[in-house]
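Each remark here refers to the structure printed beneath this line.
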Amino acid sequence: MEQQKQLILQQIKNAQLHSTLSADSVQLIAVTKQLSLDQTKEVVAAGLLHLGENRPEGILTKQHELEEEVVWHYIGSLQTRKVKDVIEHIDYLHSLDRISLAQEIQKRASRPLKCFIQVNVSGEQSKHGLSPIDIPSFLNELKPFHMVQPIGFMTMAPLEATDEEIRTYFKTLRELRDRMLEDGSAPPECKELSMGMSGDFTLAVEEGATFVRIGTALVGSIRE
Ligand SMILES: *Cc1c(COP(=O)(O)O)cnc(C)c1O
């Protein structure tokens, strides 16, 4: 585990050095959604304390059993009726994609929740997320919801895209963020970019990712 961790951190660093558009600091999230509790303990023992999960049960069980102070990232699409189950147990939501979800967070939260707005940059039908064109009005609609703290934007590239296409999607998200900050559509703290997974995180870092969500390439070997 330690070895994979060092390898990924090195690849992130290389990508940072390689590009002037990269962020000064990139937070690695270890996606443990497919790991058992014991396997997740190995990840935490290697000092990876930002974990990504996509099911409420995964977070609740693991959180209950782990002794370390883990930062929990909810990375999958979240059903409105599940908000109450996870809201007190997560630090970041990477999949805010509709007002009804913001409404439910507002209703259930006891403290502001850091949220990434999920953007469907590629326009692929199967992808969750808002169209870039709808982001300014969405940000505006979020304003009354004080428990929803927009801290940035998240996207996923389609699986079958080429490297060049993937880079374009990540670049589009970065430019969207820059535009939203510049024209005041987004508050100043809405500046993070959650993009990049096992297959494309070096491209994402080169294009300015501040959070990368890595499963297979980081923790895949302990699943075998
Ligand atoms: C599973 C998942 C990841 C990690 O995927 P890998 O390809 O295994 O690195 C990242 N982000 C989201 C939203 C996911 O569902």
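The values are calculated or read from the model by the stated rules, or taken from the named source; none is laboratory data. Because the structure is predicted, anything quoted here is derived from the model rather than measured. All Cβ positions, even for glycine, are placed from backbone atoms using ideal geometry, and neighbour counts span all protein chains on display. Ligands, DNA and RNA are excluded from the accessible area calculation, which covers all protein heavy atoms including side chains. Shrake-Rupley method; radii C 1.70, N 1.55, O 1.52, S 1.80 Å.
Just reorder Thr216, Thr32 by solvent-accessible area, largest first, 1.4 Å probe, all chains present.
Thr216, Thr32
Restricting the count to DSSP beta bridges whose residues both fall in the chain, what percent are antiparallel, rounded to a multiple of 5? Don't skip to the answer; put the middle values down first.
Values: 0 of 26 bridges.
The antiparallel proportion sits near 0 percent.
Which loop GluC sites (Glu not before Pro) in region 148-210, with loop taken from DSSP, have no more than 15 other Cβ atoms within 10 angstrom of their Cβ? Don't jump to the answer; show the numbers that get you there.
Working: sites: Glu160, Glu164, Glu165, Glu175, Glu182, Glu189, Glu192, Glu206, Glu207; in loops: Glu160, Glu189, Glu207.
Answer by residue number: Glu160, Glu189.
State the percent of C-alpha pairs, over all pairs in region 160-207, separated by a distance greater than 13 angstrom. Mind showing how you got there, number by number?
On the way: 625 of 1128 pairs.
Tail of the P(r) past 13 Å holds 55 percent of the pairs.
Counting other Cβ atoms within 10 Å, which GluC sites (Glu not before Pro) in region 46-141 have at most 12 and lie in a DSSP loop?
Values: sites: Glu53, Glu57, Glu65, Glu67, Glu68, Glu69, Glu88, Glu104, Glu124, Glu141; in loops: Glu67, Glu68, Glu69, Glu124.
Sites meeting the loop and neighbour criteria: Glu67, Glu68, Glu69.
Compute the length gained on full extension between Leu21 and His146: take 0.36 nm times their separation in residues and subtract their Cα-Cα distance, giving the result in nm to one decimal.
41.8 nm
Using every alpha carbon pair in region 1-41, what percent of pairs falls into each 10 Å bin from 0 up to the bin containing the largest distance?
25, 43, 24, 9
Let me check against my output: what whole-number percent is the relative contact order of region 126-224, with C-alpha pairs under 8 Å and at least 6 apart? Let's see the in-between values first.
Values: 110 pairs, mean separation 24.7, N = 99.
Taking the mean separation of contacting Cα pairs over the length of region 126-224, I get 25 percent.
Which of the lysines could be linked to Lys82 by a straight reach, that is with a Cα gap under 18 Å, when you skip same-chain ones fewer than 8 residues away?
Excluding near neighbours in sequence, the set is Lys33, Lys62, Lys107, Lys114.
Quote the FRET efficiency, to the nearest 0.05, computed for Thr162 versus Glu68 with a Förster distance R0 of 45 Å and r equal to the Cβ-Cβ distance. Kindly include the intermediate steps, with their values, before the conclusion.
Numbers: r = 39 Å, r/R0 = 0.87.
Once the sixth-power term is evaluated, E becomes 0.70.
Region 27-60 to region 184-209: how many Å between their Cα centroids?
Cα centroid of region 27-60 versus Cα centroid of region 184-209: 21 Å apart.
One-quarter of the Cα convex hull surface for region 1-115, in nm²?
One quarter of the hull surface, i.e. the mean projection, equals 8.1 nm².
How big is the Cα convex hull of the chain in projection, averaged over all directions, in nm²?
Quarter of the Cα hull surface area: 11.9 nm².
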